Amino acid sequence: MHVPVWIWLATIAGIIALFLFDFVAHVRKPHEPTFKEAAWWSAFFIAIALLFGAGLWWVWGHQHGAEYFAGFVTEKSLSVDNLFVFVTIMARFAVPPVYQQKALLIGIAIALILRGLFIAVGAAAIAQFSWVFYIFGAFLLYTAAHLTWEFFNKDEDEGYKPGPGVRLLQRLLPTTDDYHGQRLFARQGGRWMVTPLFIAVAALGFTDVLFALDSIPAIYGLTKEPYIVFTTNAFALLGLLQLYFLLGGLLDRLVFLGLGLSAILGFIGVKLVLEALHENSLPFINGGQPLHGIPEVPIWLSISIILGVLVVTTVASLIHSGFQDRNARL
């Protein structure tokens, strides 16, 4: 699918406009969103994503449209999993609820820029080397196994621990002891310093770099079109701010979501390896020739498996949490 430059530019401009609108509508005036407000705006951004997908389906056909919707569902699911870490980051830096919207929106904007770079690098690598799919597939299988191991070996006392990037910033940049409203910088003792809100935003941005390492290969396992990869990531991140406040305490109830996501990543990892075998060029596999007779996974089956896993894990999580609540009251 060849996408003209002007469509790329128009799409990027539209995404930027939606982020600016989100900032003006929600962040400019510090407040903690109500459930009704969060639900309304979450539905608004999801509706925009669905309308965009419908338009893409109509213009470029059902194959690319189905790839978009499969990618959007996958990326949105992975972004919900990211919210667990966002909650711990907010708690770790004691970000007041009224300032969390600004921290999240800036962190999400940084995430989109970083993912754009990852997508460009991934597209260039795939165009030059078909064996990159082996690497993507192996990494997703490793990630799936790691998530499964973490699920069965949870440490209840383990919270967010700042990574090397955040620790380096904390050492290099003088930081105020207290928050100064929504300001990222403040003048104190005759010199400019960063506020704890700046460090929290940096933590959100650095954390999403790690998330992108599995989300970008995952979407490339569903489509080879960089335009679809970018738009699914952009629309999955748009509205994540409202989703954070909408889900709230519900996140603790989605106990099996991580296990479901590990199953989805494992499935996409296998799909990538199968595609790599179809286009094999590695000399030590079948003499450098593609392998014929390897089963192909159609996009309708991918969507069915992804949605099926999400429905099963969500329902199982809510039933499990309901049993726990009843047992706690007894």
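Summary of computed values
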{"item": "Quarter of Cα convex hull surface for the chain, i.e. mean projection, nm²", "result": "20.1 nm²"}
{"item": "Rounded to the nearest 20 debye, dipole of segment 95-193 from Cβ charges on Lys, Arg, Asp, Glu", "result": "560 debye"}
{"item": "Mean projected area (nm²) of the alpha-carbon convex hull when segment 192-312 is viewed from all directions", "result": "11.5 nm²"}
{"item": "Among the listed pairs Lys76/Lys224; Lys102/Lys271; Lys102/Lys224; Lys36/Lys224; Lys29/Lys224, those beyond 30 Å (Cα-Cα)", "result": "Lys102/Lys271; Lys102/Lys224; Lys36/Lys224; Lys29/Lys224"}
{"item": "Normalised contact order of the chain, rounded percent, pairs of Cα under 8 Å and 6 or more residues apart", "result": "29 percent"}
{"item": "Mean projection area, nm², convex hull over Cα of segment 136-249", "result": "10.3 nm²"}
{"item": "Gln324-Arg187 pseudo-label distance in nm [points 7 Å out on the Cα-to-Cβ vector]", "result": "5.0 nm"}
{"item": "Alpha-carbon Rg with Dmax, taken over segment 254-305, Å", "result": "14.3, 47"}
{"item": "Residue among Leu114, Gly239, Thr148 farthest towards the positive dipole end of segment 108-261, charges placed on Cβ", "result": "Leu114"}
{"item": "Top of Gly107, Gly293, Gly53 by mean-square fluctuation, Gaussian network on the chain, Cα under 10 Å", "result": "Gly293"}
{"item": "Globularity ratio of segment 75-205, using Cα Rg and 2.2 N^0.38 Å", "result": "1.29"}
{"item": "Magnitude of the charge dipole, segment 1-129, Cβ model with Lys/Arg +1 and Asp/Glu -1, debye to 20", "result": "300 debye"}
{"item": "Listed residues Val312, Val80 arranged by accessible area, highest first, probe 1.4 Å", "result": "Val312, Val80"}
{"item": "Leu141, Leu222, reordered so the largest accessible area comes first (probe 1.4 Å)", "result": "Leu141, Leu222"}
{"item": "Span-like helix ranges in the chain, DSSP H, alpha carbon extent 24 angstrom or more, Kyte mean at least 1.0", "result": "5-22, 35-60, 100-128, 132-152, 196-220, 257-278, 299-329"}
{"item": "By accessible area with a 1.4 Å probe, ligands and nucleic acids excluded, highest first: order of Thr175, Thr195", "result": "Thr175, Thr195"}
{"item": "Dipole axis of segment 198-313 (+1 Lys, Arg; -1 Asp, Glu on Cβ), positive-most option in Trp300, Phe230, Asn280", "result": "Trp300"}
{"item": "Residue of Leu168, Leu307, Leu274 that the Gaussian network model of the chain assigns the largest fluctuation, springs spanning Cα pairs under 10 Å", "result": "Leu168"}
{"item": "Length-normalised contact order for segment 180-285 - Cα pairs under 8 Å, 6+ apart - percent", "result": "19 percent"}
{"item": "Rh by Kirkwood over Cα pairs, then Stokes-Einstein D for segment 35-83 at 1.002 mPa s and 20 °C, µm²/s", "result": "183 µm²/s"}
{"item": "Hydrodynamic radius of segment 282-330 per Kirkwood, over alpha carbon pairs, in Å", "result": "14.8 Å"}
{"item": "Cα centre as origin, Lys/Arg/Asp/Glu Cβ charges: the chain dipole, Debye", "result": "840 debye"}
{"item": "Nearest-10 value in Å² for the accessible area of Lys224, using the 1.4 Å probe", "result": "90 Å²"}
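The values are calculated or read from the model by the stated rules, or taken from the named source; none is laboratory data. Keep in mind it's a predicted model, so treat the numbers as computed, not measured. Cβ: placed from backbone, ideal geometry, glycine included. Neighbour counts: every protein chain shown. Please note that ligands, DNA and RNA were not included when accessible areas were found on the heavy atoms of the full protein model with its side chains. Shrake-Rupley method; radii C 1.70, N 1.55, O 1.52, S 1.80 Å.
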